[in-house]
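Each value in this text was obtained by applying a stated rule to the coordinates, not by laboratory testing. Just so it is clear, the model here is predicted, and its values are computed rather than measured. Here the Cβ positions follow ideal geometry from the backbone for every residue, glycine too, while neighbour counts run over all protein chains shown.
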Amino acid sequence: MNHKQEIGVGIFFFILAALYLAGSLSISSFDPFGNSTLTSKAIPQLIGGLMAVLSIIHIAGNALKLKRTQTSNETGKAGGTRFEIGRSGWLMLLSVLFICAYIFLFTRLGFILSTILFLLAEMFLLIPAEKRKRWAIFIVCFSTGLSILLYLLFTKLSMFLPRGLLG
């Protein structure tokens, strides 16, 4: 990818972080540990803030690189590049679609089922095709085990998640 496309990716993730932070403001504040700063809002806001900061760093770094390449260009022409979405671009778009589907299914199917489906989809998407068959059993076990473990952890901390179809 060239630097202009990388700046576009940074802007996309900054907007996504801003939307994520705005969504985290609607989370009702619950403090399972008494009077502490670790509430149900804290982790989503921390993740959104870190994502925004990393996006800004990514944009600034690529803007500087773009400026350097333009000033060091001997001919002074800004060569027009055609926008193409490569394999990584398609992977990113599919991942965003999977996240949207996860959000949509979260309250309908519940935490466990929607998380298992999301993890399965993402791992099968990101693992190269020639390695998928070899890792299939591990992926299914890992997705199921991690989802159940997280559910048990959250219920142990009295932070209830949607149960969905499992009741």
Most exposed to least, judged by fewest other Cβ atoms within 10 Å, TRP90, TRP135 sort to TRP90, TRP135
The residues LYS65, LYS133, sorted from fewest to most surrounding Cβ atoms within 10 Å, come out as LYS133, LYS65
Once the in-chain neighbours fewer than 8 apart are removed, the lysines whose Cα is under 29 Å from LYS65 read LYS4, LYS77
